Amino acid sequence: MTTIDHNPDDDLVVHPDTAALAIEDLRLSYVVRGTPRAVLRGVTFEVRPGEAYGLVGESGCGKSTTAYAALRYLPSNGQIDGGRVTSSGQELTAMSARELRRFRAEQASMVFQDPVQAVNPVLKIGKQVAESFEVMGQSKDEARKSALEALRRVRIASPESVMDRYPYQLSGGMLQRVVIAMGLACDPKLLVLDEPTTGLDATVEAEVLDLVRDLRSELNSAILLIAHNLGVIRTMCDRVGVMYAGRIVEEGTVEDVFDNPSHPYTVGLLNSIPRQGLRKTDRELFTIPGNLPQIGENLPTCVYVDRCPIATDTCRTEVPPIVDRGDGHWTRCHFPDRIDDIPEPEHITDVVAAGDEEVIGVHGVSKTFRQRGQEVPALVSVDLGFAEGETLGLVGESGSGKSTLAKTMLGVHEADEGGAITLRGRPMAGKATKRVEESIRSIQMVFQNPDSALNRSWTVRRILTRSITRLTGLKGEEADQRAMEVAEAMRLSPRHLDMRPRQLSGGLKQRVAIARAFAGDPNVVVCDEPTSALDVSVQAAILNLLATLQRNERTSYLFISHDISVVRYLADRIAVMYVGRIMELGPTDKIFEGPNHPYTEALLSAVPSVDGAAENRIPLTGEIPSPANPPSGCVFHTRCHRVIEGLCEVTEPEMRELSPGHSIKCHLTVEQLSTPVEITPSDTLADLAD
Amino acid sequence: MDEVDPDQIAIDPGHIGHDPTEIPGTPEFDAVAHAHPEDGLDGAPAATRGQVRKEQRMVLFKSPGFIIGVLIVGFWVLAALFPSILTGVGPADFVEAGPRAKPGDGAWLGTDGVGRDVYSRIIYGARPILIVAPVATAIAIVVGTMLGLVMGFYRGWVDEVLSRIIEAILSIPVILMAILVVFTFGRSTPVIIFTIAVLFVPAITRTIRSAAIAEAELDYVTSAKMRGESGLFIVSREILPNVTGLVVVELTVRLGYAVFTYATLAFLGFVPGNLTDADWGIDVSGNYEQIVRDVWWPSIFPALAIASLVIGVNLITDSIDKALKS
């Protein structure tokens, strides 16, 4: 049996002489307001040559710090307290500043989360890419040629014209390709990718991931990939390490770790995402109780013990050993065989079907903005209806008009003449300031980012009572009483009422935002990506809360999200939006069964799944057209893989019903839509939008 | 609460560990108790406000810049309030050492051209500058903040019109403006305060305006609009409390400039009072011609006093700013 005297990390073996990256017992802390606070508390792992290694974990667990430490990039307040970082036998932790600079220039590269911040906005792309070759000692002409070649390598269709552009003229996905091209300039032995696709749309994310996967086979460089999206890790990596509170708690091949998790934390992470088509009517999502320990906090013997559902006395008194699970798969847990004792959340029995009667209706609503004298139709004749207790999922790429629709419904934008937003059949005023109290009360919104949505200088109590007073007319004591009730329904405790938003965690802030939306007993709550800023475990708790509130209050949701599995879990019906138009609308089952509109088909194929290999992805080439200048005929014809020459670019198709309640806006027949499409390599080239 | 959600469960060490089947989700767990009552319940918790403030105060009080700044400014405030504690000689008294006595020759910092004690005049001269500078800054801050908030929130034509007016004020040279105002309204303390305030309003307005624009783009403002709140409510209750930190920084920065500007105006003779009154700017202007005759002390020492007050205020400003950002 392992005792505290024996450091279990001694059992981990790395090969600093051969590994592309070997990190041994790395300890690192940040100095915050004068005190050093431990972030990494003994991290040990290696990335073998040519291997892709992933790190996962909740935010704050030390993933990004590890990524930066791998190239010895440290913020000014960071200090290494112990341990070694080695790459192919060269010890980074012992290098001088000069050696380190050479190492970074010639042998390693890093790609950051936000490509916009990684490029110089005033230099043309060609010059920037060429610069990374000039550093390697090439002449200006050579470097320019190499730059062109590098852009071609990252599958950019017209590299010559991209070379002459400035960063602001390129989309996020295109820029990330450019950044990767610069990173590959030195043929790195080690490529560190820190959340490379987090800020990108699902379709663009899929493209960038495909690219990195292709490049791996060409380059034979080792990759360290940091991502909070487990699906990305699953589809990209050979091996994965699960990080918690600055330590790795489980490691193994992606198949072993994701299919046979052996640490309660890994199980918690995997179970908190809706997988394998789980629906809100099946069961609640798994949540992880408690919080990640803060940086600098003293840790108990087992780092996870405070949140572990199967912890015993042993876990509190003894450091868990490294338990080998075969084939290099290990876990830092006393009881890996009791993983199956972790209970599943109970199945939901009291399923209440959505009502039939339309509560809120959106009828022929268009919204045209004026920009420099030009008319920009951001919404074109949108028809949607919300029955009581129904969730309508709204999906589409960024720029498809999802948020404009939400804001028009809420009266931030005034809809064009002709359309109507109705409450039980009666139309309401366009602007919120002109709406009667009942109309304002009937539609409320939960925003994506609670930090932005909650006034940070107000207390929770004030945030809630103000909305209650405005929406219901209750004042003083009564409003306060109602605030307590609403807070309790959100499972906020009374002491939270006197706190300010920044004293609350991300999940609690989002609960306050939801409480505010529910303050006036609304009919429809618009949820604009309410969980995309949250960790998966917190996301699960919020989704559970929304589902419970819907069962109890019979509230309808317009649920906007780019995460298809989340939409699938919560939505009864799904609407697909493109350039301000609804392209497909149908019950969730029908959308996932198909046949679908070609756009939906492409969107669905782009999702990286935790459950195994990705299917044949249908690429969406180019960028979403600007609503200021929409394509003729069917707006999707410019990017459609099933386009009918001579018809689609001329005539705009009508909305057509495939089966009861399931309609698409497409010329193709059901038979045509059901035949699989062939994907040619040229389809995956990224091109500029005109 | 009839149902207990696992993500709300605080784990009480006393409960866990005896029975392996006992897991969060059973009602035995107290849903409200928590080891750290100030922590959040789900997701990464934030450090408490009190704790952060305390640590920021520690950083502030330990920084040498802050300590030196407070000592300097504190000394001048003391001089302005109770000059007689620091010197027994009146500002207009002629001392025994006679005119143009060198520093140390019977007077600590020497005497000026007519035989008055330079040290006493500096001590008494702190008062006018420490009245005018803070009052003018305060007025400029109030007006500038109001204008900045209104412009930043409403944008559109309100912003356009006020922006042009502000640019017009900025385009007039400081000295020209002072001459115009003083010659039109006469030399009095309120006029000087008003002049300095008008000079400072544009810069403050611009700073607050850009902060208000950033705030107006946040969703809490959208949310207030969705509730049908009035513009006045949004500006004064929603946005204003979120820019107060900036207002404080702006206040201290402008205070340093106000000291400087007042001293300049005093040097040029735009301030009220006559030549016998103790005032740093007046003393510099009354004595600087004697520097060529090697009598530097009656002008250089008041000039140093001005510089020390500006530096002291700036040291405090910088330290506060750094502590807030740490």
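Key figures for this structure:
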| read-out | value |
| --- | --- |
| Computed over chain A: relative contact order in percent, which uses C-alpha pairs under 8 Å that are six or more apart | 13 percent |
| Positive-end residue of A:I618, A:N77, A:L269, charge dipole of chain A with Cβ unit charges | A:N77 |
| Only Lys, Arg (+1) and Asp, Glu (-1) charged, at Cβ; chain A dipole about Cα centre in debye | 2640 debye |
| Euclidean distance of C-alpha centroids, the stretch A:108-144 and the stretch A:396-447, integer Å | 46 Å |
| Span from the the stretch B:104-131 Cα centroid across to the the stretch A:212-249 one, whole angstrom | 73 Å |
| Ellipticity estimate at 222 nm from DSSP helix runs (n ≥ 4, -39,500 (n - 2.57)) divided over the protein assembly as shown, nearest 500 | -12500 deg cm²/dmol |
| Exceeding the 22 Å Cα-Cα cut-off - candidates A:K509/B:K62; A:K431/A:K509; A:K280/A:K665; B:K62/B:K322; A:K280/A:K590 | A:K509/B:K62; A:K431/A:K509; A:K280/A:K665 |
| Separation in nanometres of the label points that stand 7 Å from Cα toward Cβ, at A:T93 and A:M655 | 6.2 nm |
| Highest-first arrangement of A:54-60, A:616-622, where packing means the average Cβ count within 10 Å | A:54-60, A:616-622 |
| Ranked A:E553, A:E149, A:E195, criterion: other C-beta atoms within 10 Å, fewest first | A:E149, A:E553, A:E195 |
| For the stretch A:384-539: rounded, prolate or oblate by the Cα gyration tensor [a/c cutoff 1.5] | oblate |
| Rounded to whole Å, sorted largest first: equivalent-ellipsoid semi-axes of the protein assembly as shown, Cα gyration tensor | 57, 37, 32 |
| Using distinct alpha-carbon pairs, which all enter the 1/r mean, Kirkwood radius of the stretch B:244-296 in Å | 12.7 Å |
| FRET efficiency estimate (nearest 0.05) - Cβ-Cβ, A:Q294 to A:E553, R0 51 angstrom | 0.90 |
| Mean-position separation - Cα centroids, the stretch A:549-578 and the stretch A:301-319, in angstrom | 37 Å |
| For the stretch A:181-303, the fraction of alpha-carbon pairs in successive 10 Å shells from zero, as % | 10, 35, 35, 17, 4, 0 |
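We did not get these values from a lab; they are worked out from the coordinates using the rules stated. Since the structure is predicted, the reported quantities are computational estimates derived from the model, not experimental observations. FYI the Cβ positions are ideal-geometry reconstructions off the backbone, even for glycines, and counts take in every protein chain you see.
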